[in-house]
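Single-structure report; data block below.
Derivation of every value follows stated rules applied to the coordinates shown; laboratory data play no part. Predicted, not measured: the structure shown is a model, and the values here were computed from it. Cβ atoms come from the backbone with ideal geometry, glycine included; neighbour counts cover every protein chain shown.
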Amino acid sequence: MVTHFKALLAGASLLFLSAYQFNLLPQPARAQPGSGPGAAAETVDRSPLKLPLIRPKIVVKKGRRQLLLFSADKLVRTYRIGLGLNPLGDKVREGDRRTPEGDFYIFTKNDKSAFYLSLGISYPNAAAAERGLRDHLINNPQYDAIMRALKAKQGPPQNTLLGGDIYIHGNGAGSDWTWGCVALENEDIRELFGALSVGTPVRIEP
């Protein structure tokens with residue numbers, strides 16, 4: 001009886017091992033390449049950019065934590081980004097820690113940034129200035145100064161109650177940690193910094 005039971009047990013074990021070997025049993029789920037939160041925002045193509053870029057522009061998608069780089073209206077790079085500590089909604093005033101939304105341009109490049117490298121964004125734009133004047137955050141002379149700077153494609157005043165010093169910079173894109181800036185990995189801002197010039201259009205979308 002015991003011998004018969006042992007024989008049955010050995011046979012069952014052999015069947016189990018054979019089934020596992022030929023993948024007849026359910027296998028543990030495995031993560032697929034490119035899956036998971038934020039995976040779509042990762043930079044995959046690391047072949048050198050074809051410089052100079054043709055009519056370059058940047059589109060930031062806040063909700064997807066992506067910065068898209070275009071050349072001749074063709075998408076050439078997708079970078080993962082971090083945003084302000086208060087990432088939802090448009091920037092309204094100084095200290096709200098929101099990343100602004102709308103149309104801007106790069107008005108300065110700083111190779112001595114405290115955040116590795118940085119590209120200055122022309123916030124406040126006209127929409128922010130008009131809203132700020134309406135809501136009594138800025139006065140008429142401040143509004144006029146902002147509009148003159150924007151017309152000349154220069155840096156608008158950075159020290160009003162609307163806030164300022166909004167940059168695309170380095171020091172990491174793993175979380176939303178800035179005071180309203182767009183943060184990238186150092187490798188990514190280095191590539192952008194070398195490829196873009198002052199005046200490049202920047203659109204920031206929700």
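Extension gain, Trp177 to Met147, is 7.8 nm, computed as 0.36 nm per intervening residue step minus the present C-alpha separation.
Quick check: residue separation of Ala72 and Glu187 times 0.36 nm, minus the Cα distance between them. What number comes out in nm? Extra length available between Ala72 and Glu187 comes to 39.1 nm.
Once the chain from Lys112 to Asp135 is taken as fully extended at 0.36 nm per residue, the excess over their C-alpha distance is 4.7 nm. Once the Cβ-Cβ distance of Asp90 and Gln154 is raised to the sixth power relative to R0 = 30 Å, the FRET efficiency obtained is 0.85. In sequence order, region 49-62 has phi-based couplings of 5, 7, 9, x, 5, 9, 6, x, 8, 10, 10, 9, 9, 4 Hz under the Karplus curve 6.51 cos²θ - 1.76 cosθ + 1.60, θ = phi - 60°, and Gly or Pro positions carry x. For Val182, the residues whose modelled amide H falls within less than 5 Å of its own, excluding neighbours fewer than 5 places apart on the same chain, are Tyr167, Ile168, His169.
Which shape class, rounded, prolate or oblate, goes with region 41-205 when its Cα gyration tensor gives a ≥ b ≥ c as root eigenvalues, a/c under 1.5 marks rounded, and past that a/b bigger than b/c marks prolate? Prolate shape, in that a/c is at least 1.5 and a/b is the bigger ratio. With r defined as the distance between the Cβ atoms of Arg55 and Leu161 and R0 fixed at 35 Å, what FRET efficiency is calculated, to the nearest 0.05? Plugging the Cβ-Cβ distance into 1/(1 + (r/R0)^6) gives 0.50. Among beta bridges from DSSP that stay inside region 41-205, the antiparallel ones total about 75%. Among the lysines, which have Cα under 27 Å from the Cα of Lys62 when same-chain residues fewer than 8 positions away are ignored? Straight-distance partners of Lys62: Lys50, Lys74, Lys91, Lys109, Lys112, Lys151, Lys153. Sequentially through region 90-102, phi angles give Karplus couplings (6.51, -1.76, 1.60; θ = phi - 60°) of 7, 5, 10, 8, 4, x, 7, 6, 9, 8, x, 10, x Hz, Gly and Pro residues having no value and appearing as x.
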